[in-house]
Amino acid sequence: MKVLLVDDNRLMIEGLQNMLDAHGIEVAGTATDGLQSLELVRRLKPDVVLMDIRMPLCDGLCATRLIKAEMPESRIVILTTSTEETDLFEAIKAGACGYLLKSMDASELVEALEQANLGVPPFSPNMAMKLLNEFARLSNKAQPEIPASQMPKAPIPESKLNPREIEVLKFVAAGLTYKEVGARLNLSPRTIKYHMSEIMARLHLENRAQVLAFAGQSNLWSAQPKK
């Protein structure tokens, strides 16, 4: 996997590069502003672009729009300190396939990059919850108000999933990483990843975004597992 790092903080770039090198991930190149990142994506064709938001000349959101407009197959993951919903939603609208916070640890970042490379959108847990809540709000807004007792629910197809898979699905829908789900269920992240691949195959879901959409349709946020 080849990763392009985009951040105007050179110390951050150096730290990320050393960390990724230690985990066997190739850093194809580095950029300190959005315009430079566009040129490097054209030339280097990285598998994943790890993009900061706050940068001079051309910020990460603008750069994401430019890259996706020219090379729509590009996988761009935002890595930022911003927990603002506006930045999150604008990043998704710009074409980013993931949104991560710089407060995450190294192993979580490596896992997130591996997910992105496989086409699974990675999100920091609290940012995933913001997306889930917004999906719920928009879904409720689009429907006429009816009594809660009469509210139809799309149950999880238990005939397709076993109890463990339903539990894993609820945790992932709540925004937890595979590592965090594994810690709660006393399972390895690799086992959780296997369960999710089985769940997605049985429910005909192709990526994490569709998992979140399914969670919304199934009212999973009203039945989240105890943490």
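At 0.36 nm per residue, and after removing the present C-alpha to C-alpha distance, how many nm does the segment from residue 93 to residue 9 gain when stretched out fully? Display every interim value, and only then the final one.
Values: separation 84, 0.36 × 84 = 30.24 nm, distance 2.49 nm.
Once the chain is fully extended between residue 93 and residue 9, it gains 27.7 nm.
List the residues whose amide H sits under 5 Å from the amide H of residue 76, counting only those 5 or more places along or on another chain, with H placed 1.01 Å from N in the peptide plane.
HN-HN under 5 Å from residue 76: 49, 97.
Can you pull the one-decimal nm distance between simple spin-label points at residue 179 and residue 194, each 7 Å off the Cα toward Cβ?
Going from the residue 179 label point to the residue 194 one covers 2.1 nm.
When a footprinting reagent is the concern and you count Cβ atoms within 10 Å, what order do 194, 99 take, fewest first? Kindly include the intermediate steps, with their values, before the conclusion.
Values: 194 14, 99 26.
With the sparsest Cβ surroundings first, the list reads 194, 99.
Can you tell me which of 115-121, 6-12 comes out highest on packing, and rank the rest after it, using the mean Cβ neighbours within 10 Å?
Values: 115-121: 18.9, 6-12: 17.0.
Order by mean packing, descending: 115-121, 6-12.
Calculated FRET efficiency, residue 1 and residue 162, Cβ-Cβ r, R0 30 Å, to nearest 0.05? Don't skip to the end; give the middle numbers.
Values: r = 32 Å, r/R0 = 1.07.
My answer for the efficiency is 0.40.
Treat each spin label as a single point 7 Å out from the Cα along the C-beta direction, and report the residue 202 to residue 39 distance in nm.
Distance between label points: 5.2 nm.
Bear in mind these aren't lab numbers, they're just calculated from the coordinates by the rules spelled out. Nothing here was measured: the structure is a model prediction, and the numbers come from that model. FYI the Cβ positions are ideal-geometry reconstructions off the backbone, even for glycines, and counts take in every protein chain you see.
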